[in-house]
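Chemist: Can you keep this structure in mind? I'll have questions shortly.
The values are calculated or read from the model by the stated rules, or taken from the named source; none is laboratory data. Note that this is a predicted model, so its numbers are computed, not measured. Don't worry about glycine lacking a Cβ; one is built from the backbone with ideal geometry, like all the others, and counts go over all protein chains shown. Protein only, heavy atoms only, side chains kept; ligands, DNA and RNA dropped before computing areas. Shrake-Rupley method; radii C 1.70, N 1.55, O 1.52, S 1.80 Å.
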Amino acid sequence: MSNDNDDNGKNNSVDISGTVTGSNISINQNQDGNQAISDTEIEYKIDENTYREVSGETYKKSANVFYISLGLLALGVLADFAGILAYLGFNQPVVLLVLAPICWLIAKITEDDRWVNGLSQDNKSYYREGSWYEKLPNGNVAIYDKRAKCVYPRCEGTINIVPAPPRERPNHSLIGKCSLCGVQHTYTVDYNGIGYPQKFDWRPQPQNIR
Ligand SMILES: [Zn+2]
């Protein structure tokens with residue numbers, strides 16, 4: 001919906017400022033501003049207020065809990081096959097029916113931690129759900145947000161990095177979005193942490209086309 005407004009904004013029929021005297025002027029200024037800043041780059045930088053370090057052991061423990069639960073389940077299945085459970089007087093289906101959901105639950109709970117634990121120590125940071133994770137040489141994991149200042153005229157917003165909308169996925173995995181103006185002030189995000197103002201298609205993925 002707001003995308004449509006953006007597109008129509010160029011034919012001067014939309015009152016952006018909300019006042020009769022100011023509307024034409026503010027529309028023209030906005031158009032000039034858009035053209036002038038289209039080549040302006042922004043640099044996403046680590047927001048020091050969000051920076052924290054967590055011991056890598058924390059994530060390793062969590063991953064180990066999962067592998068142990070997986071091992072127990074595998075043992076249970078093996079014991080069942082070998083008839084050991086029956087021999088020991090256990091009710092076979094009950095044992096497996098209890099073990100499997102527990103294992104699945106632990107898999108779910110430890111999913112994020114296992115992802116962090118699996119990161120390589122390569123001086124790169126990896127994005128997951130709004131934050132960046134980086135394995136440090138000392139074994140710790142640095143967690144932080146990356147942000148930039150919005151360069152649209154008069155905008156005091158902060159650019160946060162969010163997943164790209166579905167229709168932009170082939171070309172963009174992440175995009176920058178203004179904290180104040182949302183989808184009206186959006187930017188690319190490249191691997192060097194640089195972004196340029198760009199409009200994106202926020203409509204949902206087409207369902208019945210083709
Ligand atoms: Zn902005």
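Chemist: Out of region 106-153, which residues are within 16 Å of the ligand (Cβ to nearest atom) and closer than 19 Å to Asp47 by Cβ?
Modeler: Arg147, Ala148, Lys149, Cys150, Val151
Chemist: Sticking with this structure for a sec: Consider Leu78 against the criteria (1) touching a helix residue (DSSP H, G or I) at 6+ places or on another chain (Cβ under 9 Å); (2) modelled with pLDDT of 90 or more: it satisfies all of them except one. Which criterion is unmet?
Modeler: Failed condition: (2).
Chemist: Hey, does region 157-164 have a residue that's within 16 Å of the ligand (Cβ to nearest atom), closer than 18 Å to Thr186 by Cα and not in a strand (DSSP E or B)?
Modeler: Yes.
Chemist: From (1) touching a strand residue (DSSP E or B) at 6+ places or on another chain (Cβ under 7 Å); (2) in contact (Cβ under 8 Å) with a residue 60 or more places away in the chain; (3) open to solvent by 60 Å² or more (accessible area, probe 1.4 Å), pick out the condition that doesn't hold for Tyr126.
Modeler: (2)
Chemist: Out of all the residues in region 169-196, which are over 15 Å from the mean Cα position of the chain (by Cα), within 13 Å of the ligand (Cβ to nearest atom) and open to solvent by 20 Å² or more (accessible area, probe 1.4 Å)?
Modeler: Listed by number, the residues that qualify are Ser179, Leu180, Cys181, Val183, Gln184, His185.
Chemist: Moving on. What pairs come out if I take residues in region 70-89 that are in the same structural domain as Pro101 (by TED's automatic domain parsing) and pair them with residues that are open to solvent by 60 Å² or more (accessible area, probe 1.4 Å) whose C-beta lies under 7 Å away, six or more apart or interchain?
Modeler: Qualifying pairs under 7 Å: Asp80/Gln92; Leu85/Gln92; Ala86/Gln92.
Chemist: Can you find even one residue in region 112-121 that is outside any loop (DSSP other than H, G, I, E, B) and loosely packed, with under 14 Cβ neighbours inside 10 Å?
Modeler: no
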